[in-house]
Amino acid sequence: MANDFLTLFVTDINRSFDGLILSIERDRPDLLQAALHARDLADALSSVGLLQLSAITADIARQLSQEQQSVLPVTYQLVELLKKALDVLAATDDVVIIPDQIDEIQKLANSMLDLSQLNEPLKNQFNLNPNSDVMPATSKSWQINAVDSQQPSPTKPSQVSSLYSGAILLAQRRHALNTVQRIRRLVFEQASPKDVDSLLGEHQDALLEFGQLNLANYLDGIAEQVDAAMILADADVLEALSTILSILPKASLLRVSKQALTLFIDLQNVSPSPLELENAGQLVANLSGRLEFVNQSVRLIIPSSLKRMRLISFMRGADQFVVSWAQLVSVGNVLNTVGTYDALGGAEGCPKEITLMCGLQSCTLYAEELLPVSNMNVFALPSLLTGPEWLRGVAIDHANRPYSWISLKRTA
């Protein structure tokens, strides 16, 4: 069932992608038809968590609908980029797109943003401004233009922070208003519950950023060079992250990106001691994230919020469980689990193996059935209540079904 769920989204992406190619590769490109396919493609990309690619595609769709010939060169480049992104999507043989695949697509999307800077007619279209209908994903390539296209006068850091906050709030408000309007239209047209639910989930994800704080304010002096423009996360996550980064050696470069409600943090040219890695890894595990150290680079993958997260869900008997998608390494098949145990107990008859990285430690869970990966609201277990060591709280899906939220290798 879960595999079919992912296949539906990938099929939508491929269908819209093929339609876009046919529309623009005619002797005389049909821009209006291409705009329709690009709009469908943007929605499909958003459904699998590729928000940055979705935002870029939606912006191109708007310009195609205005029959702007100048957008065609960037559209051709988008097509080439998506061919690579779809290859990454095709690499998954199960129910989920793992964080490493999302990160690879993020790198491809960054190259698209760089390209947009080279095309003058599109330059202002990719600015984050109050009139934009799309809240773009975070990258240092996004330019802030809250008033007009004139060169801004020099501002103090506090003024820049205020300007960023104002621009973000205005863009978020526009995005929220437009999303609710799209939902109302679907309800009026008696669209399928699946379409309405997809937009409601998108709206919940956007609402999560209200009240979140700018990561850059927590990174002063953490690294020699910081690339983390306009990254938002909850205050408790940022405070814990600040402590984690203070434990690790100072990096020459710290780069942060955000996709699917998840922060990807890379520290380059660092050589932490085993004790520093252990201490930092424990705090990362407390955040339901993972830590890796390879070739003098430290990578942290953590949720941007512990109130709403991207989760991988699965069944064991009649029980439903979720675990942080940020910790996911791989999903595989198991031929024989006789005598096998995990944190949940006996795992006999579970054909699926979920490999996680809980902080710095590898963990394994077994599943009878994998369910679709999705973003859910989560609620920590109140301190007055007790439960198994692995039980962090409860997650609620789109249909208000409860799941036991698993968090391994964390301290109380």
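The values are calculated or read from the model by the stated rules, or taken from the named source; none is laboratory data. Everything numeric in this text was worked out from a predicted model, so none of it was measured. As a convention, Cβ positions derive from the backbone with ideal geometry for all residues, glycine included, and neighbour counts pool all protein chains shown.
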(request) Can you work out which of the residues in segment 67-98 that are touching a helix residue (DSSP H, G or I) at 6+ places or on another chain (Cβ under 6 Å), of a type outside the set (A, V, I, L, M) and not in a loop (DSSP other than H, G, I, E, B) is modelled with the highest pLDDT? (result) T75
(request) Could you list all residues from segment 381-412 that are of a type in the set (K, R) and closer than 14 Å to L371 by Cβ? (result) R401
(message) Whether any residue in segment 227-245 is part of a strand (DSSP E or B), among the polar types (S, T, N, Q) and over 19 Å from S46 (Cβ atoms) is what I want to check.
(response) no
(request) Check whether at least one residue in segment 251-261 is within 24 Å of D12 (Cβ to Cβ) and either out of contact with any Phe, Trp or Tyr (no Cβ under 8 Å at 6 or more places or on another chain) or free of Cβ contacts under 8 Å to residues at least 12 places away in the same chain (or both), and report yes or no. (result) yes
(request) Could you check, for segment 271-279, whether at least one of its residues is small (G, A, S), in contact with a Leu (Cβ under 6 Å, 6 or more places away or on another chain) and under 30 Å from T243 (Cα atoms)? (result) no
(request) Determine which single condition G339 fails, assuming it passes every other condition in (1) over 29 Å from E368 (Cβ atoms); (2) out of contact with any Lys or Arg (no Cβ under 9 Å at 6 or more places or on another chain). (result) (1)
(request) Pairs only if they're at least six apart or on different chains, beta carbon under 7 angstrom, first in segment 19-44 and assigned by TED's automatic domain parsing to the domain that holds I56 and surrounded by fewer than 19 Cβ atoms within 10 Å (Cβ to Cβ), second modelled with pLDDT of 85 or more and of a type in the set (K, R); list them, first residue then second. (result) none
(message) From the list G359, G332, exactly one residue is surrounded by fewer than 15 Cβ atoms within 10 Å (Cβ to Cβ) and outside the structural domain of Q259 (by TED's automatic domain parsing). Which is it?
(response) G332
(message) Quick check on V323: is it crowded, with 19+ Cβ neighbours inside 10 Å, among the hydrophobic types (A, V, I, L, M, F, W, C) and at pLDDT 95 or above?
(response) yes
(request) Select from segment 381-412 the residues that are farther than 20 Å from L200 by Cα, surrounded by fewer than 18 Cβ atoms within 10 Å (Cβ to Cβ), in contact (Cβ under 8 Å) with a residue 60 or more places away in the chain and not hydroxyl-bearing (S, T, Y) and list them in ascending order. (result) R410
(request) Go through (1) modelled with pLDDT under 80; (2) crowded, with 17+ Cβ neighbours inside 10 Å; (3) among the aliphatic types (A, V, I, L, M); (4) more than 18 Å from K258 (Cβ to Cβ) and name the single condition A137 misses. (result) (4)
(message) Suppose the filter is on the phi > 0 side of the Ramachandran plot, at pLDDT below 90 and over 21 Å from the mean Cα position of the chain (by Cα); does G221 pass it?
(response) yes
(request) Within segment 265-275, identify whether any single residue is of a type in the set (D, E, K, R), out of contact with any helix residue (DSSP H, G or I) (no Cβ under 7 Å at 6 or more places or on another chain) and in a strand (DSSP E or B), and answer yes or no. (result) yes
(message) Filter segment 368-380 down to the residues that are out of contact with any Gly (no Cβ under 7 Å at 6 or more places or on another chain), assigned to a strand (DSSP E or B) and surrounded by fewer than 20 Cβ atoms within 10 Å (Cβ to Cβ) and list them by number.
(response) E369, S374, N377
(message) Looking at segment 262-279 only, could you name the residues that are within 16 Å of S362 (Cα to Cα) and in contact (Cβ under 8 Å) with a residue 40 or more places away in the chain?
(response) L277, E278
(message) I'd like to verify a number: residues in segment 204-226 that are more than 30 Å from D397 (Cα to Cα) and assigned to a helix (DSSP H, G or I), how many?
(response) 3
(request) Within segment 219-241, track down each residue that is of a type outside the set (A, V, I, L, M, F, W, C) and surrounded by 17 or more Cβ atoms within 10 Å (Cβ to Cβ). (result) D234
(request) Answer yes or no as to whether C363 is modelled with pLDDT of 90 or more, more than 27 Å from G201 (Cα to Cα) and assigned to a strand (DSSP E or B). (result) yes
(request) From V329, V298, V322, grab the single residue that is out of contact with any Phe, Trp or Tyr (no Cβ under 7 Å at 6 or more places or on another chain) and either under 26 Å from S404 (Cβ atoms) or assigned to a helix (DSSP H, G or I) (or both). (result) V329
